[in-house]
């Protein structure tokens, strides 16, 4: 038998000694010393959500349009609430009664919205003073946790439809987000808040806190290595000129209608106004929000939530004549120096069509026809366009005209970053074939749809589309999709590519000068002399949109003529002819934007518009 060497005895003894030390320490922790056990029993792990600041929204010049303000909530985990809680003190601190305490704590536990082991909001929007007092006594109320959240506030009372508002998520939105949202979270419901929700909201962080049985924080879990920081939302720079927006809203006070102004070269929307409007501060997340929301929602007369700039679909009236001029020139239907005589009316033997025209000089060319808005001229052009080579096949001409209108952004959505945008309407041949068959007509003729030639009948445009037409004219045939996002403050996030792409209408460049010259004459010595401002070279067109009640006042324009900085459309409901309200409003807006102030001789015009009340005293 081989003897063990002394060295082997030493190694074996070392292992035995080390094992004994480990056993003794384990016994000390688990049997002799209860500190480790007591700490485990007396601490609970609490997951605290860290909410990010939502991105701030600025106007194009760096003025704040939307900011964040803190609100104070109390969260609770039902299973952690002590049955011996001092409800008297609790209610005194938060200024509630005991019945409210019981009601707020008891939930429908069969609902998927609530779990006894998960936090939910016990009390919303308490005062800072109540919040501070409650925090001082927090150790007495196990299961309750203070929470600070940021909500939206508005330094100005403007641009409510553009900005939109927030609301609390519902269960469907929580499920659709794969639980990225939770109970009590806010989400953009309308406007820019909804369109750019992903960029504005930021990303939540999380902090794991160990608390004792009195609710006091003991330490962070694993020295904070499990925690994650909240990532703030992206700050947005909008295309809106807040000063111009404010001025336009003042001019449109006590009037129903809308204004859209665009920077022609970029498609950036300078202002987008719908009236009647509302103060966005009314929909701040506070205790009176529900009452204010219902009041606005139930205002069936003014319909303040209805965004007339992109949702209302109007007949454009005579502002359609420049568009028809361009496509007729392109197709050879008319030519710049064509004369069409007008004796004050237009008559056709087919179906007995007869329509009057106002007194004006004979349109010896298309410039004069536009200058004086001659209905006869454009009825004839429309008739010839639809008839084409065969008057018995008007569907062919109607389809061709419809195709042109699509290129001009008519009858389709432009793609603005506002989810409420409507497409408007422009009929094709099939539309009229079906329409007249239902009326018992075997066939329809061009004379039955001539009202389209002066922007009446079945054609419908949004004010945004009208402003875009002005931008197309300003650019001599090009446009960029109108948009409200200019940039994000951190340059690593670019605006959507769709808002940088140029579109070109299929009209040769040689046909724009005669049309634009005609529109310049409109303002200098035509139907819109009220819009003339020396030195600004405003180019525009009036429209009077026929209506079952009082007609609508319409005007679109751009300026200056040769280096356009602004394209604008104004639509005032039930306000009469185009030069009565729409044209002066547009010219005041253009003058303010380009010059910064009005000429003294024009302040009387501003006063007349500001004083006009077309709602209570139409």
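So here's what we get for this one:
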{"quantity": "Selected residue (only one of 98, 103, 116, 124 is surrounded by fewer than 16 Cβ atoms within 10 Å (Cβ to Cβ) and out of contact with any helix residue (DSSP H, G or I) (no Cβ under 9 Å at 6 or more places or on another chain))", "calculated": "103"}
{"quantity": "The listed residue being touching a helix residue (DSSP H, G or I) at 6+ places or on another chain (Cβ under 9 Å), more than 17 Å from residue 274 (Cα to Cα) and in contact (Cβ under 8 Å) with a residue 24 or more places away in the chain, out of 609, 590", "calculated": "590"}
{"quantity": "Any hit, segment 287-296, residues being out of contact with any strand residue (DSSP E or B) (no Cβ under 8 Å at 6 or more places or on another chain), farther than 29 Å from residue 500 by Cα and assigned by TED's automatic domain parsing to the domain that holds residue 504", "calculated": "no"}
{"quantity": "Unique residue being in contact with a helix residue (DSSP H, G or I) (Cβ under 8 Å, 6 or more places away or on another chain), over 22 Å from residue 449 (Cβ atoms) and surrounded by fewer than 18 Cβ atoms within 10 Å (Cβ to Cβ) when the list is 306, 293, 364", "calculated": "293"}
{"quantity": "Of residues in segment 500-527 being crowded, with 24+ Cβ neighbours inside 10 Å and in contact with a strand residue (DSSP E or B) (Cβ under 6 Å, 6 or more places away or on another chain), the one nearest to residue 266 (Cα to Cα)", "calculated": "519"}
{"quantity": "Residue in segment 12-32 that is touching a helix residue (DSSP H, G or I) at 6+ places or on another chain (Cβ under 6 Å), in a helix (DSSP H, G or I) and either outside the structural domain of residue 272 (by TED's automatic domain parsing) or modelled with pLDDT under 80 (or both) present", "calculated": "yes"}
{"quantity": "Leading residue by the ranking (surrounded by the most Cβ atoms within 10 Å (Cβ to Cβ)) among those in segment 573-598 that are in contact with a strand residue (DSSP E or B) (Cβ under 8 Å, 6 or more places away or on another chain) and on the phi > 0 side of the Ramachandran plot", "calculated": "574"}
{"quantity": "Selection within segment 264-282 - surrounded by fewer than 22 Cβ atoms within 10 Å (Cβ to Cβ), in contact (Cβ under 8 Å) with a residue 60 or more places away in the chain and more than 14 Å from the chain's Cα centre (by Cα)", "calculated": "265, 266, 276, 278, 279, 281"}
{"quantity": "Residue list for segment 129-169, restricted to those being farther than 30 Å from residue 418 by Cα, within 35 Å of the chain's Cα centre (by Cα) and at pLDDT 90 or above", "calculated": "131"}
{"quantity": "Test result for residue 492, more than 21 Å from the chain's Cα centre (by Cα), outside any helix (DSSP H, G or I) and under 30 Å from residue 189 (Cα atoms)", "calculated": "yes"}
{"quantity": "In segment 283-302, the residues that are without any contact (Cβ under 8 Å) to a residue 24 or more places away in the chain, within 16 Å of residue 151 (Cα to Cα) and in a helix (DSSP H, G or I)", "calculated": "289, 290"}
{"quantity": "Odd one out for residue 226 among (1) in contact with a strand residue (DSSP E or B) (Cβ under 8 Å, 6 or more places away or on another chain); (2) at pLDDT 85 or above; (3) farther than 25 Å from residue 122 by Cβ; (4) surrounded by fewer than 16 Cβ atoms within 10 Å (Cβ to Cβ)", "calculated": "(2)"}
{"quantity": "Total residues in segment 366-407, condition in contact with a strand residue (DSSP E or B) (Cβ under 9 Å, 6 or more places away or on another chain) and outside any helix (DSSP H, G or I)", "calculated": "1"}
{"quantity": "Candidate set: segment 542-567, residues that are surrounded by fewer than 18 Cβ atoms within 10 Å (Cβ to Cβ) and in contact with a helix residue (DSSP H, G or I) (Cβ under 7 Å, 6 or more places away or on another chain); chosen: the one nearest to residue 367 (Cα to Cα)", "calculated": "561"}
{"quantity": "Single match in 331, 347 (criterion: free of Cβ contacts under 8 Å to residues at least 60 places away in the same chain and either assigned by TED's automatic domain parsing to the domain that holds residue 514 or over 15 Å from residue 372 (Cβ atoms) (or both))", "calculated": "347"}
{"quantity": "Filter result for residue 322 (at pLDDT 95 or above, in the same structural domain as residue 555 (by TED's automatic domain parsing) and within 23 Å of residue 571 (Cα to Cα))", "calculated": "yes"}
{"quantity": "Test: residue in segment 430-443 that is assigned by TED's automatic domain parsing to the domain that holds residue 262, assigned to a loop (DSSP other than H, G, I, E, B) and in contact with a helix residue (DSSP H, G or I) (Cβ under 7 Å, 6 or more places away or on another chain)", "calculated": "no"}
{"quantity": "Of the criteria (1) part of a loop (DSSP other than H, G, I, E, B); (2) at positive phi, which one residue 157 fails", "calculated": "(2)"}
{"quantity": "Set 539, 570, 530: member being farther than 14 Å from residue 262 by Cα, assigned by TED's automatic domain parsing to the domain that holds residue 464 and surrounded by 24 or more Cβ atoms within 10 Å (Cβ to Cβ)", "calculated": "539"}
{"quantity": "Given (1) in contact (Cβ under 8 Å) with a residue 12 or more places away in the chain; (2) assigned to a loop (DSSP other than H, G, I, E, B); (3) under 25 Å from residue 275 (Cα atoms), index of the condition residue 527 fails", "calculated": "(3)"}
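The values are calculated or read from the model by the stated rules, or taken from the named source; none is laboratory data. Computed from a predicted structure; not experimentally measured. Ideal geometry is used to build each Cβ from the backbone, glycine not excepted, and the neighbour counts take in all protein chains shown.
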